[in-house]
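Worksheet: one structure, shown below.
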Amino acid sequence: ELMRELKGIDVMELELKHKLGIKKVIIVPGDSDESLLVKGELGKASATCMKKLLTGENIIAVTGGSTMAAIAERLTPELSKKELLFVPARGGVGEDVANQANTICSNMAKNTNSKHRVFYVPDQVSSQIYQSLIKEPEIHEVLKLIKSASMVIHGIGDAITMAERRKTNPEIQQKLESGKAVGEAFGYYFNESGEIVHKVSTIGLQREDLATIPNVIAVAGGSSKAKAIKAYLKQAPSATILITDEGAAKRLLKG
Ligand code: G3H
């Protein structure tokens, strides 16, 4: 708390909220690019924020990434005073197992003594396979849960970093480059104006679904992600809560 006061973080939070035009901004001290510990702080802040927003029964849709993985580590059984069900927001978007939404949901459920669902769908599906997949009772049920989520918690990534990490094929990488993609969130790649340059075609949460989900929490830190955060939030729902760090926040306030 003293650290926050000294650094004027409360003031930065308000300034950034107005600048980005979103519901709320929470900033943790430090820069995730410089210290691994800061991601843990993002996790802790996310846990606190989630706790405040929980109601009687909660369906929480979760995306992948190392930031989401860090949040899972910081969730505690204290949250399960409310009923929680964690569901992966989208099918595979090419992440390694540790960074996959399925793994993260399972850890979140374990650490809060609550439930989770798995959602195993291939990364890329033809429309023919898609049509038959969504008729599978198991998949159909998870899709219904995702669409009725009371909360979505997701990461935001730098577009090129994410494309490389996901071993995206050269053709798509070319598309991202020529489309000047700078940010990525739940499998959508955005340019500086927040327009979609490319979308990983997988089943689950679609961008338009966010409008009807009461609580949307975006968690991303590190000064290297400032551009991506700015781009994504250009056309994100105004009800979004951003949890970030000082490194990203300072750059966002400057730009
Ligand atoms: O969609 C965004 C990425 O999942 C962010 O990944 O948290 O590992 O940077 P990260």
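Table for the structure above
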read-out: Residue within region 203-210 that is within 13 Å of the ligand (Cβ to nearest atom), farther than 19 Å from LEU16 by Cβ and open to solvent by 10 Å² or more (accessible area, probe 1.4 Å) present; value: yes
read-out: In region 82-102, the residues that are within 14 Å of the ligand (Cβ to nearest atom), open to solvent by 40 Å² or more (accessible area, probe 1.4 Å) and not in a loop (DSSP other than H, G, I, E, B); value: VAL97, ALA98
read-out: Residue selected from region 215-244 under the condition in contact with a Leu (Cβ under 8 Å, 6 or more places away or on another chain) and of a type outside the set (A, V, I, L, M, F, W, C), by the criterion farthest from the ligand (Cβ to nearest atom); value: ASN215
read-out: Qualifying helices (runs of 4 or more DSSP H) (wholly inside region 1-81; at least 3 residues being touching a strand residue (DSSP E or B) at 6+ places or on another chain (Cβ under 8 Å)); value: 9-20, 36-53, 66-74
read-out: Count of region 36-65 residues which are open to solvent by 40 Å² or more (accessible area, probe 1.4 Å) and within 16 Å of the ligand (Cβ to nearest atom); value: 5
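Per-residue answers, yes or no, for (1) open to solvent by 40 Å² or more (accessible area, probe 1.4 Å); (2) more than 18 Å from VAL62 (Cβ to Cβ):
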{"residue": "ILE139", "(1), (2)": "no, no"}
{"residue": "GLY155", "(1), (2)": "no, no"}
{"residue": "MET162", "(1), (2)": "no, no"}
{"residue": "PRO170", "(1), (2)": "yes, yes"}
{"residue": "ILE213", "(1), (2)": "no, no"}
{"residue": "ALA231", "(1), (2)": "no, yes"}
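The values are calculated or read from the model by the stated rules, or taken from the named source; none is laboratory data. Every value quoted in this text rests on a predicted model; they were computed, and no experiment measured them. All Cβ positions, glycine included, derive from the backbone under ideal geometry; neighbour counts span all protein chains shown. Heavy atoms of the whole protein, side chains included, go into the accessibility calculation; ligands, DNA and RNA do not. Shrake-Rupley method; radii C 1.70, N 1.55, O 1.52, S 1.80 Å.
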